[in-house]
1. Here are some conditions: (1) in contact with a helix residue (DSSP H, G or I) (Cβ under 8 Å, 6 or more places away or on another chain); (2) crowded, with 19+ Cβ neighbours inside 10 Å. Residue 8 meets all but one. Which one does it not meet?
2. Can you tell me how many residues in region 108-135 are modelled with pLDDT of 90 or more and within 30 Å of residue 248 (Cβ to Cβ)?
3. Being exposed (fewer than 15 other Cβ atoms within 10 Å of the Cβ) and over 16 Å from residue 33 (Cα atoms) is the filter here; which residues of region 111-142 pass it?
4. Looking at region 63-99 only, could you name the residues that are surrounded by fewer than 22 Cβ atoms within 10 Å (Cβ to Cβ), touching a helix residue (DSSP H, G or I) at 6+ places or on another chain (Cβ under 8 Å) and not in a strand (DSSP E or B)?
5. Before we move on, is residue 187 assigned by TED's automatic domain parsing to the domain that holds residue 214 and farther than 27 Å from residue 71 by Cα?
6. State all residues of region 11-34 that are in a strand (DSSP E or B), modelled with pLDDT of 90 or more and either surrounded by 13 or more Cβ atoms within 10 Å (Cβ to Cβ) or in contact with a helix residue (DSSP H, G or I) (Cβ under 7 Å, 6 or more places away or on another chain) (or both); if no residue qualifies, say none.
7. Does residue 49 satisfy the criteria of being within 21 Å of residue 22 (Cβ to Cβ) and either touching a residue at least 60 places away in the same chain (Cβ under 8 Å) or within 16 Å of the chain's Cα centre (by Cα) (or both)?
8. Residue 182 is checked against (1) surrounded by 13 or more Cβ atoms within 10 Å (Cβ to Cβ); (2) at pLDDT below 85 and fails just one. What number does that condition carry?
């Protein structure tokens, strides 16, 4: 279990990472009331939020953004197992620090997360959605950077600003797009279907049929929710999976390419370089 706490510009940044061959429960509490945004990277850890005898569960957290208000009576439990590791970045501040935040963040919190700034319970949940590929990549960089000292702090400051910019930008887009709950469930089901079979994904027509909608609605609402078209999202997920296979599981480039559905090594390497800025042989 690795946990790092950093104070930056009246924010507290919490970085948590854990994996195990068996299972473990990591509990987290806040000493005073906070407004926070949690970004879940690779791992898909299980999460339980406990307060006042109630439990809110999240079974699929990979790529999730969770905003919330919580006081000291709220417990956050991460259930880590061999196939569900923990990688979580939390940006938190207190209500008394809102006026001190830089770059107008307090204005954005009031505008987009009003229910958290003016809580009516021990735990109040704000928007929950999936990160855009740009946000996911920023979160990954927090866990992979190797800087030290002042350079590391400079890295954190710049990336926190970039991550919050993407976050509030996505909330602004969502304000312009209305989803009914059943349609939103269909779009998230489409996302789950895509990532469950990266090697042989369904066609757009088949995917629309499987979630009970038409292709035009699927294309429009998927992009509105995830920030990219359906198969751009699929490509990003394939490349992130391939990166993990090469770096963490020591797979060859050929094995990684095949595992995520690429038949051509040239096409795979070109797409990989375009996304990450370097060839797969440099991982």
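The values are calculated or read from the model by the stated rules, or taken from the named source; none is laboratory data. All figures in this text were calculated on a predicted structure; none of them were measured in a lab. FYI the Cβ positions are ideal-geometry reconstructions off the backbone, even for glycines, and counts take in every protein chain you see.
1. It fails just one condition, (2).
2. 1
3. Those that are exposed (fewer than 15 other Cβ atoms within 10 Å of the Cβ) and over 16 Å from residue 33 (Cα atoms): 111, 128, 141.
4. Listed by number, the residues that qualify are 95, 98, 99.
5. Criteria met by residue 187.
6. 11, 12, 13, 14, 15, 16, 17, 18, 24, 34
7. no
8. Condition not satisfied by residue 182: (1).
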